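J.: One structure coming up, written as structure tokens, with questions to follow.
The values are calculated or read from the model by the stated rules, or taken from the named source; none is laboratory data. What you are looking at is a predicted structure, and each value in this text was computed from that prediction instead of being measured. Cβ atoms come from the backbone with ideal geometry, glycine included; neighbour counts cover every protein chain shown.
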Amino acid sequence: MAVAVYPGSFDPVTLGHQDIIERSSKIMDRVIVGVLKNNSKSPLFSVEERVNMLKSVTGHLSNIEILAFDGLLVDFVRQCHADVIVRGLRAITDFEYELQMSQTNRVISPGIDTIFLTTNLKYSYLSSSIVKEIAMYHGDISAFVDPDIAEKVLEKAKAVKKNARPVNK
Ligand code: ADP
């Protein structure tokens with residue numbers, strides 16, 4: 001049975017991520033989406049919120065499971081009894097980092113391979129950071145995320161702005 005882990009921050013899940021999940025669910029018998037907990041990027045959403053958002057947009061896919069993880073990715077992959085890591089590639093800018101990560105993972109865990117799915121051209125420019133940036137200015141994010149996710153991102157952006165301390169002049 002081919003089992004893969006698709007890891008990431010998913011802060012929040014975008015239509016680009018959903019496209020990779022749907023396509024990998026057709027290739028693999030089972031795909032575990034691994035949501036990274038110990039994130040140095042200080043995420044907008046808690047890991048539980050990110051897991052729940054992913055669950056809500058993948059409910060129609062029977063071979064997808066969403067789990068949070070921290071620590072080394074290869075350890076999580078082994079715990080899941082998986083042997084493949086799925087990553088998405090948008091542009092050449094992703095390539096250098098992704099190549100380094102996949103080669104490192106193969107050195108520390110030789111049985112684990114990484115496969116790359118190239119982005120759907122429709123989403124090649126899309127990232128969670130862009131979505132958050134637009135939401136902070138109350139912009140329209142409906143072309144980038146599922147409607148339920150858009151609502152949550154805009155609500156969260158509003159709450160963050162409300163709690164932000166005014167800048168001293
Ligand atoms: P990370 O913190 O690992 O970069 P992300 O949530 O940004 O986490 O991305 C998770 C994975 O999804 C990465 O492999 C990334 O390249 C891929 N990805 C992100 N956005 C897109 C997109 N628009 N199209 C295809 N793949 C994407």
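J.: With over 19 Å from K37 (Cα atoms) and modelled with pLDDT under 95 as the only criterion, which of T58, T114, T119 stands out?
T.: It is T119.
J.: Identify the single condition in (1) over 20 Å from V153 (Cα atoms); (2) touching a residue at least 60 places away in the same chain (Cβ under 8 Å); (3) part of a helix (DSSP H, G or I); (4) out of contact with any Gly (no Cβ under 8 Å at 6 or more places or on another chain) that I20 does not satisfy, given that it satisfies every other one.
T.: Checking I20 against (1) over 20 Å from V153 (Cα atoms); (2) touching a residue at least 60 places away in the same chain (Cβ under 8 Å); (3) part of a helix (DSSP H, G or I); (4) out of contact with any Gly (no Cβ under 8 Å at 6 or more places or on another chain), the one that fails is (4).
J.: Out of all the residues in segment 60-74, which are in a loop (DSSP other than H, G, I, E, B) and touching a residue at least 24 places away in the same chain (Cβ under 8 Å)?
T.: L61, N63, D70, G71, L72
J.: Is there a residue in segment 100-115 that is touching a strand residue (DSSP E or B) at 6+ places or on another chain (Cβ under 8 Å), on the phi > 0 side of the Ramachandran plot and surrounded by fewer than 17 Cβ atoms within 10 Å (Cβ to Cβ)?
T.: No - not one qualifying residue is present in segment 100-115.
J.: Among the residues of segment 36-59, is there at least one that is closer than 24 Å to T104 by Cα, assigned to a strand (DSSP E or B) and touching a residue at least 24 places away in the same chain (Cβ under 8 Å)?
T.: yes
J.: Scan segment 107-119 and report the pairs whose first residue is in contact (Cβ under 8 Å) with a residue 40 or more places away in the chain and whose second residue is within 11 Å of the ligand (Cβ to nearest atom) and part of a loop (DSSP other than H, G, I, E, B), with Cβ atoms within less than 7 Å and a gap of 6+ or a chain change.
T.: Note: pairs meeting the criteria are T119/R90.
J.: Let me ask something else. In this structure, does D19 turn out to be buried (at least 23 other Cβ atoms within 10 Å of the Cβ), within 11 Å of the ligand (Cβ to nearest atom) and at pLDDT 95 or above?
T.: Considered against the rule, which asks whether it is buried (at least 23 other Cβ atoms within 10 Å of the Cβ), within 11 Å of the ligand (Cβ to nearest atom) and at pLDDT 95 or above, D19 comes out as no.
J.: Then there is this: Just a yes or no: is a residue in segment 78-94 surrounded by 15 or more Cβ atoms within 10 Å (Cβ to Cβ), assigned to a helix (DSSP H, G or I) and modelled with pLDDT under 95?
T.: yes
J.: Continuing with this model, one more query. When you check Y123 against the structure, is it of a type outside the set (S, T, N, Q), surrounded by fewer than 15 Cβ atoms within 10 Å (Cβ to Cβ) and either within 9 Å of the ligand (Cβ to nearest atom) or closer than 25 Å to V145 by Cβ (or both), yes or no?
T.: So Y123 fails the test.
J.: Only residues in segment 1-15 that are of a type outside the set (V, I, T) count as the first member; pair them with residues that are near the ligand (Cβ under 7 Å from one of its atoms) and assigned to a strand (DSSP E or B), Cβ under 8 angstrom, at least 6 apart or cross-chain, and list the lot.
T.: That search, which allows pairs on different chains as well, returns Y6/R87; P7/L36; P7/R87; G8/L36; S9/L36.
J.: I'd like the residue in segment 1-12 that is part of a loop (DSSP other than H, G, I, E, B) and more than 8 Å from the ligand (Cβ to nearest atom) and, out of all such residues, is surrounded by the most Cβ atoms within 10 Å (Cβ to Cβ).
T.: Ranking the candidates gives P12 first.
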